[in-house]
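Colleague: One structure coming up, written as structure tokens, with questions to follow.
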Amino acid sequence: MTNKKNNSVTLKMRKRVRSAGRYTFLSIISLLSIFPLYYMACAATNMSVDVIRGKLIPGTYVIENFKNLLAAQNVASAMFNSFKYATICTLVSLVICSLAGYGFEIYHDKAKDTIFSVLLLAMMVPFAATMIPLFQMFSSANLLNTTMGFILPSISTPFLIMMFRQSARSFPHDLIEAARIDGVTEVGIFFKMFFPTMKSTYAAAMTITFMNAWNNYLWPKVIMMDDKSITMPMLIANLTSGYTTDYGSLMLGVFMCTIPTVIVFFVLQKSFANGITGAVKG
């Protein structure tokens with residue numbers, strides 16, 4: 001009996017030690033992940049000199065930084081443009097990619113598998129390799145400095161198509177056949193039956209697309225040549241292009257640029273996790 005008690009006590013101690021080690025490791029990783037956000041928030045409230053010195057305590061210079069930021073750049077226009085481009089790109093991308101993913105899975109054949117394999121291979125081609133041909137095409141089509149020129153290269157991505165196709169695998173085909181017998185059109189099946197059951201997948205895709213469109217810098221920098229078309233990432237880059245950099249205003253601009261993506265992620269966090277998990281399981 002004594003040996004059994006000692007063994008049980010030893011096992012409990014080992015479990016506690018393992019749990020303590022796991023929680024300690026996770027706490028350290030969490031602090032390392034949160035620290036850049038904390039430093040950004042602190043730097044946005046301090047003077048440029050304090051930011052250079054590495055001050056880690058929030059200051060009282062946020063109003064002055066905001067005034068300097070407004071004086072240096074057109075923040076309202078950049079914020080409006082970013083919201084407009086990201087919202088339009090997200091909505092159009094969700095419709096096109098979900099239709100493509102649904103079509104690849106529901107109307108399945110070998111030819112579509114070949115096309116889908118080509119799409120997946122396209123994921124390995126870096127955007128920098130296609131940027132110059134895209135610019136020439138869009139310039140010939142008079143799409144420079146236009147919303148259409150901004151969103152066209154990103155409204156259909158192989159990753160989102162693959163994610164919707166994986167999710168469509170869990171959609172019951174018997175339900176589709178029953179709907180066809182009842183006279184429901186293919187468009188009706190998609191919008192009335194498939195769309196409502198895949199809300200978590202749409203939420204995950206919306207989060208990914210919105211964040212990518214909001215943080216997109218290279219393509220807007222190439223195609224948007226008018227100051228009125230500036231976006232938030234371009235605005236932040238402009239803050240570092242002078243002879244001297246006001247790091248307080250710069251970090252405040254970064255903070256303002258981060259807030260919308262953080263809000264979108266936390267609002268859709270649960271649906272995002274369910275959507276990604278469902279796509280992987282499918």
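The values are calculated or read from the model by the stated rules, or taken from the named source; none is laboratory data. Treat the numbers as computed from the prediction; the structure is a model and nothing was measured. A quick note on method: Cβ atoms are made from the backbone with ideal geometry, for glycine too, and the neighbour counts reach across all protein chains shown.
Colleague: Could you tell me whether Val75 is closer than 26 Å to Asn216 by Cβ and at pLDDT 85 or above?
Modeller: Details: closer than 26 Å to Asn216 by Cβ: yes; at pLDDT 85 or above: yes.
Yes: the conditions hold for Val75.
Colleague: So, in the range 124-141, how many residues would count as being exposed (fewer than 11 other Cβ atoms within 10 Å of the Cβ) and under 24 Å from the mean Cα position of the chain (by Cα)? Reasoning before the result, please.
Modeller: Here is the first cut: in the range 124-141, the ones exposed (fewer than 11 other Cβ atoms within 10 Å of the Cβ) are 124-126, 128-129, 132-133, 136, 140.
When the remaining residues are screened for being under 24 Å from the mean Cα position of the chain (by Cα), the result is 124-126, 128-129.
Residues in the range 124-141 being exposed (fewer than 11 other Cβ atoms within 10 Å of the Cβ) and under 24 Å from the mean Cα position of the chain (by Cα): 5 in total.
Colleague: Just to verify a result, which residue in the range 149-178, among those that are surrounded by 17 or more Cβ atoms within 10 Å (Cβ to Cβ) and among the small types (Gly, Ala, Ser), is nearest to Met206 (Cα to Cα)?
Modeller: Applying the filter and picking the extreme gives Ser154.
Colleague: If you take the residues of the range 179-188 that are among the aliphatic types (A, V, I, L, M) and surrounded by fewer than 13 Cβ atoms within 10 Å (Cβ to Cβ), which of them is farthest from Ser229 (Cα to Cα)? Break it down stepwise before answering.
Modeller: Within the range 179-188, the first condition is being among the aliphatic types (A, V, I, L, M), and the residues that meet it are 179, 181, 184, 187.
The next check asks that each one be surrounded by fewer than 13 Cβ atoms within 10 Å (Cβ to Cβ); those that pass are 181, 187.
Details: Ile181: 50, Val187: 36 Å.
Residue satisfying both the conditions and the ranking: Ile181.
Colleague: Hey, among Ser156, Ser170, Ser140, which residue is hydroxyl-bearing (Ser, Thr, Tyr), closer than 17 Å to Leu99 by Cα and out of contact with any helix residue (DSSP H, G or I) (no Cβ under 6 Å at 6 or more places or on another chain)?
Modeller: Values: Ser156 fails: out of contact with any helix residue (DSSP H, G or I) (no Cβ under 6 Å at 6 or more places or on another chain); Ser140 fails: closer than 17 Å to Leu99 by Cα.
The conditions single out Ser170.
Colleague: Taking the range 131-182, which residues are closer than 27 Å to Phe104 by Cβ and touching a Gly at 6+ places or on another chain (Cβ under 8 Å)?
Modeller: Leu160, Ile161, Met162, Met163, Phe164, Arg165, Gln166, Ser167, Ala168, Arg169, Ser170, Ala179
Colleague: Asp246 - would you say it is more than 24 Å from the chain's Cα centre (by Cα) and surrounded by fewer than 18 Cβ atoms within 10 Å (Cβ to Cβ)? Working first, answer last.
Modeller: Working: more than 24 Å from the chain's Cα centre (by Cα): yes; surrounded by fewer than 18 Cβ atoms within 10 Å (Cβ to Cβ): no.
No: the conditions fail for Asp246.
Colleague: Just to check your reading of the model, which residue among Met211, Met198, Met193 is out of contact with any strand residue (DSSP E or B) (no Cβ under 8 Å at 6 or more places or on another chain), more than 21 Å from Phe159 (Cα to Cα) and either of a type in the set (Phe, Trp, Tyr) or surrounded by 15 or more Cβ atoms within 10 Å (Cβ to Cβ) (or both)? Lay out the reasoning, then the answer.
Modeller: Working: Met211 fails: more than 21 Å from Phe159 (Cα to Cα); Met198 fails: more than 21 Å from Phe159 (Cα to Cα).
Exactly one residue qualifies, and that residue is Met193.
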